[in-house]
Amino acid sequence: QQKVQQSPESLSVPEGGMASLNCTSSDRNFQYFWWYRQHSGEGPKALMSIFSDGDKKEGRFTAHLNKASLHVSLHIRDSQPSDSALYFCAVSEQAGGYKVVFGSGTRLLVSP
Amino acid sequence: AQTIHQWPVAEIKAVGSPLSLGCTIKGKSSPNLYWYWQATGGTLQQLFYSITVGQVESVVQLNLSASRPKDDQFILSTEKLLLSHSGFYLCAWRTGGALEQYFGPGTRLTVL
């Protein structure tokens, strides 16, 4: 069964610091990655998708994908207290695939 | 603008009782619709997806069923609740032109 491993389980960074989150897919058929963020009591919101090797930057968020190792990372620079949330990596077999597998999540806490 | 509503916001039910949760998407025609379940603080488990009215695909068996009676409506139900059904139920939509899923606010279910 497809598994998506995320690390660390939890992370604490000071305001203004850099947060780095990791995600690895165990199935080579699942190579299309998304990052979602979920604040407490709300539904997740998509941060960004990444389908090609290399970096993708959107504002303070940068994702890096290594397809050979099926590993994707998310780096948040200049972290803000509002970035405190549960971060999920999600993978799919196709860019518009119907079946989506979510990782176990990383809980980020940004301290003022 | 597209809006997604889920009802009820929260529900407390007895073991063995029936359940019906609803989801409505306004402002988008023929969306792909999804149901997810999330244990408190846990990962998201995809339950069902629907590409069109009347057609629903099951992703995992959890003694739940889903139906899509209208283009903009997705219903999750069971005739007999189990304790393990407790959690956060999230509806999501996606259109062919977008790659990420947009989640609703969720329904918190407590089974006692």
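The values are calculated or read from the model by the stated rules, or taken from the named source; none is laboratory data. Just so we're clear, the structure is a prediction, and the values are computed from it rather than from any experiment. With ideal geometry, Cβ positions are generated from the backbone for all residues, glycine too; neighbour counts draw on all protein chains shown. SASA here: full protein model, heavy atoms, side chains in, ligands and nucleic acids out. Shrake-Rupley method; radii C 1.70, N 1.55, O 1.52, S 1.80 Å.
Using only Cα coordinates, the Kirkwood hydrodynamic radius of the range A:35-107 works out to 13.1 Å. Applying the criteria of a DSSP loop state and at most 15 other Cβ atoms within 10 Å to the trypsin sites (Lys or Arg not before Pro) of the range B:1-97 yields B:Lys80. Remark: for residue pairs A:Lys3/A:Lys57; A:Lys56/B:Lys70; A:Lys67/B:Lys28; A:Lys45/B:Lys70, the C-alpha separation exceeds 31 Å in A:Lys56/B:Lys70; A:Lys67/B:Lys28.
Measuring nothing but how far apart in sequence close Cα pairs (under 8 Å, 6+ apart) lie, relative to its length, chain A scores a relative contact order of 37 percent. Computing the accessible area with a 1.4 Å probe over protein heavy atoms, can you report the carbon and sulfur percentage for chain B? It is 55 percent, rounded to a whole number. Each of B:Phe74, A:Met18, A:Ile50 was placed along the dipole of the protein assembly as shown (beta-carbon charges, centred on the mean Cα), and the one lying farthest toward the positive end is B:Phe74. Remark: accessible area buried at the A-B interface is about 1600 Å², both chains counted, probe radius 1.4 Å. Using C-alpha pairs under 8 Å with a sequence gap of at least 6, the mean separation divided by the residue count of chain B gives a relative contact order of 35 percent.
Of the chymotrypsin sites (Phe, Trp or Tyr not before Pro) found in the range A:1-63, the ones in coil according to DSSP and having at most 15 other Cβ atoms within 10 Å of their Cβ are A:Phe51.
With the solvent-accessible surface defined on protein heavy atoms using a 1.4 Å probe, which residues belonging to the range B:73-103 display a reduction of at least 10 Å² in accessible area in the multichain context relative to the isolated chain? For the range B:73-103, once contacts with the other chains are taken into account, B:Phe88, B:Leu90, B:Arg94, B:Leu99, B:Glu100, B:Gln101, B:Phe103 lose 10 Å² or more. Shape index of the range B:1-103: Rg/Rh, with Rg the Cα radius of gyration and Rh the Kirkwood radius from the inverse mean 1/r over Cα pairs, equals 0.95.
Solvent-free Debye calculation, one equal scatterer per alpha-carbon of the protein assembly as shown: log10 I(q)/I(0) at 0.10, 0.16, 0.17 Å⁻¹ equals -0.45, -1.11, -1.22. In the context of the full protein assembly, A:Thr24 retains an accessible surface of approximately 50 Å², using a probe radius of 1.4 Å and ignoring ligands and nucleic acids. Under 5 Å between amide hydrogens, built in the peptide plane, is the criterion, and for A:Ala85 it picks out A:Leu108 among residues at least 5 positions away or on other chains.
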